[in-house]
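Let me begin by presenting the structure, written as structure tokens, before commenting on it.
The values are calculated or read from the model by the stated rules, or taken from the named source; none is laboratory data. Worth saying up front: this structure is predicted, and the values here are computed from it rather than measured. Every residue, glycine as well, gets a Cβ built from its backbone with ideal geometry; the counts of neighbours run over all protein chains shown. For the accessible areas, the whole protein counts, side chains as well, though only heavy atoms, and no ligand, DNA or RNA atoms are used. Shrake-Rupley method; radii C 1.70, N 1.55, O 1.52, S 1.80 Å.
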Amino acid sequence: MTDTTATTTDPEATGTGRIVLLTTSHRVAPGLLSWTAWEALRGADRVLCADPGHPQLPYLREAGIAVEEAYLDAQELVAAAAGGRTVVVVPGGEGDRRLTDGLARMAGSGRVSMPALELLPGSYDLPGARLLDLVQVMDRIRRECPWTSLQTHEGLAKYAIEEAYELVEAIEDGERHELREELGDVLLQVVFHARIAEEDAEEPWSIDDVAGTIVEKLIHRHPHVFGDATAETPEDVKAHWLRTKADEKRRESVTDGIPLGQPGLALAAKLAGRVRGAGVDVALPEGDGIGYELLALAARADAEGVDPETALRAAARAYRDAIRAAEGVGA
């Protein structure tokens, strides 16, 4: 079996014909086929589709393509292509393993004069197309799973935190496979919450609204990319971001919008960063105890461009390794 327009034999020279398996993506709107696909369909002697519910069928027929709702096995298909005829097969979204395996066995036997075999992609997935699958799967699970159907935003909140920490751990471990999996778990939380939000009686919204909101935000906060502003350095970009963010939020204080429930070191560093970025003249509060010492260290880390949470986790991991070494674990 070959791809695109490459063939195993010359159908005109042998008279054995041509079999084209025309694959399409269910993630692309039906009817949006490549020019090569339309040429193959219009030039075919027969067009076969075994699935009467195939989403392409109405559009093919509207374009004047005579499609037969029939299934031919490998031997029947080879016979249908005899005499130099071209047969186009439109399989379902998951393909037709039985047919392709049968054609492969016949071609490998050496006992059959095979037609030219061609695999022709009629449409391709766009980047991000698998996100549509995730939305569809989440929708079905929400409707049919006894546990999932009962979940709320409040009940799922703890999982968002857990998944975020597991993502950070995968990043720090440098495990790319784990990173991909943990990103998927975080993405699930976003899609899950959006699906729940669709059911709100007063103010429903969907994953499309979530995506649309962040797209608008990104465009607005990057005037140097989507507008006439210029930014030559990362500092210029940060200044654009902070300025447009301030215009959007209309905040009274530089501390507005900082979640107080985040880990202490991260909170302290965030406050120090906001103060430094806004040029607010305020000194660190003085007091006794380790809390004030940690506050000063977090402010110092932020001023030096260091994330104190990341730095402390790195040190803690080194401490853990030293403990395990002392215990003889993993030696």
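For this structure, a couple of remarks:
- FRET efficiency, 1/(1 + (r/R0)^6) with R0 30 Å, evaluated for residue 237 and residue 281 via beta carbons: 0.75
- Principal-axis tilt of helix 130-144 within the chain, Cα atoms, nearest 10 degrees: 80 degrees
- Using 0.36 nm per residue and subtracting the Cα-Cα separation, the extra length available between residue 105 and residue 66 on full extension is 11.1 nm.
- Looking at the range 242-293, the trypsin sites (Lys or Arg not before Pro) that sit in a DSSP loop and have at most 16 other Cβ atoms within 10 Å of their own Cβ are 250, 251.
- When you filter the trypsin sites (Lys or Arg not before Pro) in the range 129-186 for DSSP loop state and at most 14 other Cβ atoms inside 10 Å of their Cβ, nothing is left.
- Net length gained if the chain between residue 151 and residue 172 were fully extended (0.36 nm per residue, minus Cα distance): 4.5 nm
- With at most 15 neighbouring Cβ atoms within 10 Å, loop GluC sites (Glu not before Pro) (DSSP) excluded, longest segment of the chain: 95-174
- Sites residue 290 and residue 262, calculated FRET efficiency, Cβ-Cβ separation with R0 22 Å, nearest 0.05: 0.70
- Computed with a 1.4 Å probe over protein heavy atoms only, the accessible surface of the chain comes to 64 Å² per residue.
- Pair-distance profile P(r), taking every C-alpha pair of the range 133-269, with 10 angstrom steps and integer %: 10, 25, 36, 24, 5, 0
- 5 angstrom amide H check on residue 86, placed H, neighbours 5+ away: 18, 45, 46
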